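Structure first, commentary second.
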Amino acid sequence: MNAAFKPLLPAGSAEPTPRLSFTAKVLRQPATVASFQPASRACTAPASPANHQPRVTLERQGDRISRILITCACGEVIELDCRY
């Protein structure tokens, strides 16, 4: 164990420690705030009425999910790699 380590409670202390007060500091809003800009274009309407639901596909390696593919109704695909 590191010599600089200090436990949250003193050794052998069975009595609860008194609560410490907490003060939050509210910061001022900057004079200029950048407006929200989406990272990509908005999703368009579905290409065909028959395929109007998004689809989620799971790719597996053994018993673990390695990737999640989310296919939007417009055809856009979002890939999420899973790291354990």
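Read-outs: derived from the displayed coordinates by stated rules, not from any lab. Only a predicted model underlies this, so the values are computations on that prediction, with no experimental measurement involved. Cβ coordinates were reconstructed from backbone atoms using ideal geometry, including for glycine residues, and neighbour counts include every protein chain displayed.
Annotation: amide H of Ile65 has no partner in the under-5 Å range at sequence separation 5 or more or interchain, hydrogens built in the peptide plane. Residues whose amide H comes within less than 5 Å of that of Cys74, counting only those at least five positions distant or on another chain, are absent (H built at 1.01 Å from N in the peptide plane). A Förster radius of 35 Å combined with the Cβ-Cβ distance from Val33 to Cys82 puts the calculated FRET efficiency at roughly 0.50. Each peptide in 70-80, 54-64, 26-36 was scored by the mean count of other Cβ atoms within 10 Å over its residues; highest first, the order is 70-80, 54-64, 26-36.
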